[in-house]
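In what follows, a single structure is set out as structure tokens and then discussed.
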Amino acid sequence: MKKIFDYQMEWSGLQNRMAYMFNPKSGRTVLLAVDHGYFQGAPSGLENLRKTIEPLLPYCDAISPAIGGLKTSMDPRTRTPIILRATGGNSMRRSDELDDEIATVSVEEMIRCNAIGFTVSCYVGLPNQRQTIENLTTLADEAHRYGLIAIGITAVGADPVLTKFVKGEREDGGELTPDDKKDAVRYLKHACRVLSENGADIVKTYYCDGFEEVVDACLSPIVIAGGTKRPTKEALDFTHKAISAGAVGVDMGRNIFQNEHPVAMIQAVRAVVHEGKSVAEAYELYEEIRNA
Ligand code: R5P
């Protein structure tokens with residue numbers, strides 16, 4: 001006989017939207033980030049946004065453009081879920097002001113575009129941390145009335161110390177010292193927890209050694225960004241390590257669209273994220289597709 005809690009009495013729009021972007025089998029996601037133009041202008045690989053996006057669309061579970069990219073370069077008939085970039089107001093031309101972000105898209109506009117969610121960069125530890133955390137709380141508060149997904153990003157701008165943590169290398173390109181590595185875990189753990197405590201349904205951050213600690217301390221599921229373009233095997237390696245440490249997927253851009261073979265790369269990333277393939281197996285798949 002059914003008991004009271006056996007009956008489903010509620011429907012959650014937010015959970016339903018999550019189901020659109022997470023693969024039902026693996027419970028993970030490959031979110032393709034193509035929003036970089038909002039502060040980088042036209043970075044390599046995104047000069048012709050439409051041309052870059054089209055061959056990759058069949059292989060991503062969701063896509064994250066900025067509002068201009070969405071309106072001008074994406075076919076409105078696409079069935080791929082949209083995660084809209086919702087903060088900005090900065091540009092690489094003033095790299096010392098990268099943390100000075102404001103909300104750039106209203107919740108009404110997100111709904112009009114049929115986005116299932118949005119991203120907000122929060123610059124924890126930088127001069128504008130309060131303003132950027134407020135961007136997250138204000139947008140999440142309003143968007144949650146409609147069941148949209150809030151993704152908070154632990155952004156570091158051009159800060160030399162924090163940049164070192166997310167790049168995983170020292171300013172001169174040398175390896176991080178054991179102390180740097182400890183500081184990186186401490187920082188990312190702190191920043192991720194701050195975002196999840198302030199209403200992010202998903203936290204997007206960067207992989208670092210000791211990532212299990214970051215995942216454990218964060219109340220929300222974590223996806224990793226790729227950061228600057230790395231050699232193919234290296235990118236697959238940190239993706240594999242992040243997934244093994246408990247990340248629920250990637251929100252990756254440059255390591256896919258700047259790869260010499262983006263379509264092969266996104267499929268190799270999928271193999272790691274969704275099928276738990278090893279780095280060697282994923283690289284083999286990459287080579288097969290590249291050569292085909
Ligand atoms: C910043 O440019 C955006 O939030 C990107 O979407 C994010 O950094 C992920 O892209 P990538 O993998 O290139 O770091």
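Coordinate-derived values only; no laboratory data. Source: prediction; values computed, not measured. No Cβ is skipped: glycine too gets one built from the backbone with ideal geometry, and neighbour counts run over all protein chains shown.
A few notes on this one:
- Linear extension gain, residue 287 paired with residue 15, 0.36 nm per residue minus alpha-carbon span: 94.3 nm
- Debye-formula intensities of the chain, expressed as log10 I(q)/I(0) at q = 0.08, 0.12, 0.15 Å⁻¹, are -0.32, -0.74, -1.19 (one equal scatterer per alpha-carbon, no solvent).
- If you run the Gaussian network model on the chain, springs between alpha carbon atoms under 10 Å, then out of 201, 172, 209 the most flexible one is 172.
- Relative packing of 149-158, 130-139, which averages over residues the other C-beta atoms within 10 Å, highest first: 149-158, 130-139
- When both the range 1-63 and the range 229-292 are represented by their alpha-carbon centers, they are found 17 Å apart.
- Bridge type composition, the chain - antiparallel percent by DSSP, nearest 5: 10
- Shape category assigned to the range 38-173 from the gyration tensor of Cα positions, a/c cut at 1.5: oblate
- Candidate lysines for bridging to residue 167, where Cα separation is under 21 Å - those fewer than 8 sequence places away on the same chain excluded: 181, 182, 189, 204, 229, 233, 241
- Solitary cysteines of the chain, where the nearest other Cys Cβ is not under 4.7 Å: 60, 113, 122, 208
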